[in-house]
Every structure is written in C-alpha cells, then in structure tokens.
Amino acid sequence: MMRREFIQLAAATPLLFSMNPAHSSRAPGDPWRSFELTYTVDLATQKNNGQLWLPLPEDAGDYQRVISVAWGAAPEHAAMTWDADYRAPMFAAKLAAADTARQLVVTTTVATRNRSRAPAGRHALTPEIARYLEPTANMPVDGIVATTSAQIVRDLTDPDARAQAIYNWVVDNTFRKPTVRGCGLGNIKFMLETGDLGGKCADINSLFVGLARAAGLPAREMYGVRVADSALFKTLGRAGDISKAHHCRAEYFSPRHGWVAVDPADVRKVVLEEKLPLNDPRVVALRERLFGYWEMNWVGLNTARDFELAPPAREPLPYLMYPYAEFGDTRLDGREPDHFDFKLTSRELTHHG
C-alpha cells in the first residue's frame, strides 16, 4: 500500500485531534521541540484473523501539537479511528488470515513545549469538564474513595487547596512497586481497601484523580510516553527505544487556573530509582515543582479511561497507552513488549524557540 500522509498540522481540522480545551500555560520562553515517534509492529506469528490498535498522540492545550500521522505498508482495512466517548485517536488495522502484510510501520510527528500552571484568572466549569467528576469501572468515587478523600481535605473549601492536600497525601502514602506489570491498572478501590498503595504511574496518578473527583474536583489521567532525556532527573527521561517508557500523568481543573498539571507518581519514581529519601532537598524541590508543571520530554496520547476501542475489542480496556491486539483467543498486550513483537522509537527533529 502506498504511504498515506493523514494529517498535516497546517491544514488539520482542529476537531480531529482536539482534546477537551485545556487552560494551561508554559514557562515564558520555553521552546517548541519536535519528535518523530515510530511504531514498528510484526504480527507474522499470528496466523488467524485479528485486530490491532495503536494509541496515537492528540493536540493538548498550548503545549502539544500533532504535526502528522502516516503509515506505509499495512493491511487494506487500516485507518485512523476515534473512540465514541473520549475521542481518543488510534490507528486500527483488521487483519484477515489470508493477509501477507503483517508488518506495519506507523509514524507520528509531534511538537511539545514545557507546561506550567496558568496565571490566575476565571475559568468556567463546562459540561465537557464536569464529565471528569464521574466514576469509571476502575475508579469509583463513592465508598472508601469518598471517605478517604473527605479525611484528606477535611474542612478545606478552596479547590486548589483541596488538590494540594490530595497531592501531598498521595506522595506521602504511596510507593513505587517495580514488580507491577507495565504502568499498573489503576484499580484504586482495591488499593485503598487492601491498604496496598504500591504501584506505578497508572496506579498512583489514578489514585490522585479518583480522590480529587470524590472531593468535587474534575480530574483526569493523561496516558503517554517519555520521548527524550529529562532536565530534572535521569530516571524521568528516555530517548531512542521507548517501547518501555510509557508514563501516565494527571491533571485537575481549577476555577482559578484551568487545567493544572500534576505528577505525584514521578516523585515516587525518583525516590525509588534515584535512591533518595522523600526529605532529600532535591526530592522536596521536585515535589513542589510537579504540582503545576509537566516537563514535556513526554508526549500525551489520550485521557480515555475504562472505555471501548474503535472498532470495539472483546471488552473495554482500562486505558489505551500501549499497543493492543486480538487474534482469536490470543491477546497481545503492549505492557509486555517481549511477548508482543512491537517497537516504539523516538527521534528529536528540532529544539528551538
């Protein structure tokens, strides 16, 4: 099949890649950086009819822009799709048993710049934003989630103070558990009921989101992948082969600042992998910074949670951050790239103001 150039930023319809409007900002003078992300997928070992889904980046606030999406050789039934609920973009390919083309290459180009909390202003709570108060299958907002949230925020009424209290509680009480597969599942009810608050980013940051929603704060995860080295800590970056560099972040909605970036999971990652105590001055500084800041050596994919793929898989997924495929009774889960022949690479194209 001939190469398909699907989207060029200059001509793109804004609705195609638009995330829910994000009132975010960036540090003055932060440069745009452009990255080429390439999926290489080999499904030659799968002989049955099947379906593949690859998460793709989307536009986000004023800190991320999709420039292009393209693919080369691919089955005839390959297309870009969006789920019906969150409008998360994905590449979907249906493979018939007779198809000989089972090696796919999908490339996206994305521009990013660091994201900081917006200056104080007034931001309305729209129905589109209020939907991020709702529970999902793995993230209820009643029961133990509600009681824990109430204990954390106590008599605080200011939304930003509530978010700060929840952020601090999550940083203080969780820990990174390296044995968790991939980024975890984010089953926060199980975490709280068992008292096992160990996990990875999709667990720790989902806990922040669920507790925030229970406290009346719209909040959401954003699923993505690290694409370059970090200026903050070595462990917070990855370049080249990023097949195992996926990372989930979080944000909450403030009437004063709009959508505010947070990342308690990366604080706990630094504590574990840099072998630093929580009270180390470098960790204290990072903890303060990651309430209201994302270093954009990372590309966001979507905010979809417990949702149906497009076209639908056999059952909803908790999130789409990794490649996923189904061939008969066989499921290929990108959280285990050693058992799923795919590779995701990142190459920086520009770094300029």
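So for the stretch 156-175 (the condition being surrounded by 18 or more Cβ atoms within 10 Å (Cβ to Cβ) and at positive phi), does at least one residue qualify? Among the residues of the stretch 156-175, not one is surrounded by 18 or more Cβ atoms within 10 Å (Cβ to Cβ) and at positive phi, which makes the answer no.
Within the stretch 93-141, the set of residues being under 22 Å from the mean Cα position of the chain (by Cα), under 26 Å from residue 254 (Cβ atoms) and assigned to a loop (DSSP other than H, G, I, E, B) comprises 113, 114, 117, 118, 134, 135, 138, 140, 141. Selection of the stretch 306-337 for residues being closer than 15 Å to residue 45 by Cβ, part of a loop (DSSP other than H, G, I, E, B) and open to solvent by less than 20 Å² (accessible area, probe 1.4 Å) yields only 323.
With the condition kept exactly as written, say whether any residue in the stretch 278-298 is open to solvent by less than 70 Å² (accessible area, probe 1.4 Å), assigned to a helix (DSSP H, G or I), in contact with a helix residue (DSSP H, G or I) (Cβ under 9 Å, 6 or more places away or on another chain) and touching a residue at least 60 places away in the same chain (Cβ under 8 Å). Looking for residues that are open to solvent by less than 70 Å² (accessible area, probe 1.4 Å), assigned to a helix (DSSP H, G or I), in contact with a helix residue (DSSP H, G or I) (Cβ under 9 Å, 6 or more places away or on another chain) and touching a residue at least 60 places away in the same chain (Cβ under 8 Å), one finds at least one in the stretch 278-298, hence yes.
Does residue 205 satisfy being out of contact with any strand residue (DSSP E or B) (no Cβ under 6 Å at 6 or more places or on another chain) and modelled with pLDDT of 95 or more? So residue 205 does not fit the description; no.
Can you tell me which residue among 202, 228, 250, 212 is part of a loop (DSSP other than H, G, I, E, B) and crowded, with 20+ Cβ neighbours inside 10 Å? Write out each step before concluding.
Details: 202 fails: part of a loop (DSSP other than H, G, I, E, B); 250 fails: part of a loop (DSSP other than H, G, I, E, B); 212 fails: part of a loop (DSSP other than H, G, I, E, B).
On inspection, the qualifying residue turns out to be 228.
Has the stretch 233-246 got any residue that is open to solvent by less than 10 Å² (accessible area, probe 1.4 Å), within 18 Å of residue 300 (Cβ to Cβ) and touching a Gly at 6+ places or on another chain (Cβ under 7 Å)? Within the stretch 233-246 (the criterion being open to solvent by less than 10 Å² (accessible area, probe 1.4 Å), within 18 Å of residue 300 (Cβ to Cβ) and touching a Gly at 6+ places or on another chain (Cβ under 7 Å)), the answer is no, since none of the residues qualifies. Number of residues in the stretch 165-194 that are assigned to a loop (DSSP other than H, G, I, E, B), without any contact (Cβ under 8 Å) to a residue 40 or more places away in the chain and either more than 19 Å from residue 247 (Cβ to Cβ) or among the hydroxyl-bearing types (Ser, Thr, Tyr) (or both): the value is 1.
When you look at residue 266, is it in a loop (DSSP other than H, G, I, E, B) and either open to solvent by 10 Å² or more (accessible area, probe 1.4 Å) or more than 20 Å from residue 151 (Cβ to Cβ) (or both), yes or no? Criteria not met by residue 266.
Against the conditions (1) open to solvent by 30 Å² or more (accessible area, probe 1.4 Å); (2) farther than 13 Å from residue 211 by Cβ; (3) of a type in the set (Val, Ile, Thr), residue 144 satisfies every one except (2). I want to confirm something. Restricting to the stretch 73-100 and keeping residues that are exposed (fewer than 15 other Cβ atoms within 10 Å of the Cβ) and among the hydrophobic types (A, V, I, L, M, F, W, C), which single residue is nearest to residue 310 (Cα to Cα)? Checked the stretch 73-100; the qualifying residue nearest to residue 310 (Cα to Cα) is 84.
The values are calculated or read from the model by the stated rules, or taken from the named source; none is laboratory data. Note that the structure is predicted; figures quoted are calculated from it, not measured. Please note: Cβ atoms are built from the backbone with ideal geometry, for glycine as well, and neighbour counts cover all protein chains shown. We work out accessible area using only protein heavy atoms, side chains counted, and drop any ligands, DNA or RNA first. Shrake-Rupley method; radii C 1.70, N 1.55, O 1.52, S 1.80 Å.
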